[in-house]
Structure formats: C-alpha cells, structure tokens
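See below for the structure under consideration.
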Amino acid sequence: MYKYLTAICLLLLVQSEETITWSKDQKLHWGNFEGTPDYDSDAVAITASGITYGYSAKTFSNSNKIEYTTQVIAQFYPEKSWYLKERVNDTVLGHEQLHFDITELHARKLRKRIQNTKFTKNIQKEISKIYDQVNKELRAMQNAYDEGSDYSRNYEGQLKWENKITSELKKLEKYHKPVK
C-alpha cells in the first residue's frame with residue numbers, strides 16, 4: 001500500500017496571470033513589461049520574476065521508499081513588470097534581462113539541490129526548506145547585482161555581472177530543464 005501526495009507551490013503566481021517561462025532563446029523586450037509604472041519610484045524599470053515549483057510524491061507505508069517528480073520553472077510576470085518609456089534604453093533592458101537570468105540561475109540551483117537530495121516521507125517540508133534557502137540566495141544576488149552594477153549605470157559593473165551570470169548558467173547547464 002502506498003500514499004500518494006501531490007503538491008504544487010506556485011509562489012508569486014496567480015494562475016490566471018500571464019507569465020513568460022525563461023528560455024535562452026527568448027529575450028525580454030519592452031513589450032513584455034505590461035505593468036503600470038510607478039512614477040514615485042527611483043527605478044526606471046522593474047522586472048518581476050520568481051521561481052515556481054511543484055512536485056508529486058508516492059510514499060510506501062511498509063518502507064522508507066519514496067518516488068517523486070518535480071517541476072521547477074523560472075517565470076517572468078509581465079503584469080507586475082514595468083518601465084518608464086521616456087527614461088529607458090537598451091542598457092536598461094539588458095539589466096532587466098539579467099535579473100530574469102539570475103532567476104533562472106537559481107531555478108537551476110534548486111533543480112540541482114532537489115536532484116541531489118535523498119528525501120524522506122517529509123518531502124513536503126524538505127523541498128520547502130530547500131526552496132526557501134534558494135529563494136533567500138536569489139534575493140541576495142538580485143540585490144548584490146543592482147548594487148554592483150549601480151542599477152545598470154556602472155558599465156564595468158554591469159559587464160562583470162553579465163559575464164558572471166553567463167558563466168554560472170553554463171556551469172549548471174545540465175539543470176536547465178525541469179527535474180523529472
């Protein structure tokens with residue numbers, strides 16, 4: 001006899017909300033930024049992105065055996081992303097794209113950690129703990145990126161971050177697809 005559990009954690013995602021899934025072949029363009037600009041903000045553009053995950057697990061009552069599948073996706077949220085048309089340029093768009101790329105980098109880190117974890121029957125708590133840690137690291141890197149590039153105004157800082165993220169994405173290339 002076994003117990004079957006399915007959980008889907010779609011954090012920051014309203015199911016009816018349009019999203020764009022990260023793809024190395026599809027870059028953001030200003031038409032993707034559909035949100036209402038915040039003219040009181042110091043920012044000239046905002047990229048709303050996040051990691052969504054789901055899993056299903058089958059546990060067996062007579063053993064510690066567990067079978068599971070997971071799905072981890074880096075998402076961009078057009079309706080929550082915005083820009084000030086009169087104050088942006090291609091450099092700012094590249095900066096915003098890199099925010100989305102950083103989200104994908106952390107989705108890959110989450111996939112890797114899930115794949116390398118031996119789960120118990122407490123899989124729900126264990127995956128949630130891994131997700132929370134990766135999400136904390138994601139927020140820290142997003143903030144460090146903005147500071148290190150001065151929000152795209154520091155050309156050398158921006159270029160340094162672009163090279164770093166490109167390199168990190170390549171290192172985790174085998175984790176670019178959802179874990180099954």
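Read-outs throughout are calculated quantities, based only on the coordinates presented, and are distinct from any laboratory measurement. Values in this document were obtained by computation on a predicted structure and should not be read as measured data. We place every Cβ from the backbone using ideal geometry, glycine too, and count neighbours over all the protein chains shown.
Descriptive notes on the structure:
- Theoretical FRET efficiency, 1/(1+(r/R0)^6), r = Cβ-Cβ of Ala144 and Glu67, R0 41 Å, to 0.05: 0.60
- Prolate/oblate/rounded call for the stretch 70-111, Cα gyration tensor, a/c under 1.5 rounded: oblate
- Formal net charge of residues neighbouring Thr120 (Cβ-Cβ distance under 11 Å; K, R +1; D, E -1): +3
- Qualifying lysines (Cα of each under 20 Å from Cα of Lys85; at least 8 residues distant if same chain): Lys27
- Secondary-structure-derived ellipticity at 222 nm for the chain, considering helices only, amounts to -13500 deg cm²/dmol, per-run term -39500 (n - 2.57) for DSSP H runs with n ≥ 4.
- Around Arg153: net Lys/Arg minus Asp/Glu count, Cβ-Cβ under 13 Å: -4
- Degrees separating the helix 155-171 axis from the principal Cα axis of the chain, which is the longest one: 20
- Hypothetical label at Ser167: residues of the stretch 134-160 whose amide nitrogen lies under 13 Å (7 Å Cα-Cβ projection): 159-160
- For the stretch 41-119: rounded, prolate or oblate by the Cα gyration tensor [a/c cutoff 1.5]: prolate
- Proportion of all alpha-carbon pairs of the stretch 2-175 beyond 22 Å (%): 49
- Distance in nm between pseudo-label sites at Asn89 and Arg153 (7 Å out along the Cβ direction from Cα): 1.4
- Proximal charge balance of Glu79 [Cβ under 13 Å; K/R count +1, D/E count -1]: -2
- Helix 123-149 and the longest principal axis of the Cα set of the chain meet at an angle near 20°.
- Shape call, the stretch 113-180: gyration tensor on alpha carbons, a/c limit 1.5: oblate
- Filter on Lys136/Lys170; Lys129/Lys160; Lys58/Lys129 - keep pairs with C-alpha separation over 24 Å: Lys129/Lys160
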